[in-house]
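Trainee: Sharing a structure with you now.
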Amino acid sequence: RRLLNYDSAVVLFDLRFHGNSTPALASGPVTLPQENMKYYGEDLESVIKWAKKNLGSLPIIIVCYGDSSKIVLEHALKDSSIKGIVLILAKYADIVDLIEKNHKPILVLSDDNSWHNIGNVLYVGIYRDYQGKPLWDESDLDILFNWIKNIGLTS
């Protein structure tokens with residue numbers, strides 16, 4: 001909702017078998033075979049294609065969480081319409097090779113200090129509580145929303 005205050009169009013979707021996409025699996029995490037990863041890329045491509053068709057020339061900035069970062073970065077390398085990427089709690093070691101190839105602006109909100117001082121990355125360190133739940137601060141959200149707004153203005 002807050003992004004809508006920046007004259008943005010927001011499209012939310014879950015990768016198949018994640019979030020609210022399959023109620024039968026909502027009771028816990030699901031581990032899927034590696035070969036299903038290709039379908040995630042196709043899902044993302046479909047959403048981006050829909051956005052281009054229905055939202056006109058608005059810049060496309062993808063916000064992703066955790067393991068979906070790899071899928072997003074792989075797609076962003078091929079798609080010039082993606083203007084920026086936000087990675088939330090992505091594991092640096094899993095995607096360092098894709099980060100080095102990618103020249104688009106990237107914002108990372110993470111508790112992994114490996115992101116510090118990476119060329120095209122703005123890193124915002126976040127903390128977790130004793131149960132491992134991320135602790136978001138209003139200033140973290142301000143950085144996120146202003147970064148997205150500024151990427152949109154420069155596109």
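The values are calculated or read from the model by the stated rules, or taken from the named source; none is laboratory data. Here the structure is a predicted model, which means the values were calculated and not measured. No Cβ is skipped: glycine too gets one built from the backbone with ideal geometry, and neighbour counts run over all protein chains shown. Ligands, DNA and RNA are stripped out before the accessible areas are found, and what is left, the full protein with its side chains, is counted by its heavy atoms. Shrake-Rupley method; radii C 1.70, N 1.55, O 1.52, S 1.80 Å.
Trainee: With P29, P33 as the choices, which residue is modelled with pLDDT under 80, within 22 Å of L109 (Cβ to Cβ) and either open to solvent by less than 60 Å² (accessible area, probe 1.4 Å) or of a type outside the set (F, W, Y) (or both)? It would help to see each step written out before you state the result.
Mentor: Working: P33 fails: within 22 Å of L109 (Cβ to Cβ).
Result of the check over P29, P33: P29.
Trainee: Against the condition within 21 Å of L141 (Cα to Cα) and either among the polar types (S, T, N, Q) or at pLDDT below 85 (or both), how does L3 come out, does it pass? Quick ask: steps written out before the conclusion?
Mentor: Working: within 21 Å of L141 (Cα to Cα): yes; either among the polar types (S, T, N, Q) or at pLDDT below 85 (or both): yes.
Yes, satisfied.
Trainee: Another question, if that's okay. Please work out which residue is nearest to I148 (Cα to Cα), limiting yourself to region 94-114 and to residues that are without any contact (Cβ under 8 Å) to a residue 24 or more places away in the chain and surrounded by 12 or more Cβ atoms within 10 Å (Cβ to Cβ).
Mentor: Only one residue fits best here, namely I106.
Trainee: Here is a further query. Mind checking which residues of region 52-93 are part of a helix (DSSP H, G or I) and crowded, with 16+ Cβ neighbours inside 10 Å?
Mentor: The answer is S68, S69, K70, I71, V72, L73, E74, H75, A76, Y92.
Trainee: Which pairs have Cβ atoms under 6 Å, sit 6 or more apart or on different chains, and link a residue in region 122-146 that is under 15 Å from D112 (Cα atoms) to one that is open to solvent by 40 Å² or more (accessible area, probe 1.4 Å) and modelled with pLDDT of 85 or more?
Mentor: Short answer, once both residue conditions are applied: I126/D111; R128/D111.
Trainee: Filtering region 121-155 down to residues that are under 15 Å from the mean Cα position of the chain (by Cα) and outside any helix (DSSP H, G or I), which residue is surrounded by the fewest Cβ atoms within 10 Å (Cβ to Cβ)?
Mentor: Here the answer is L122.
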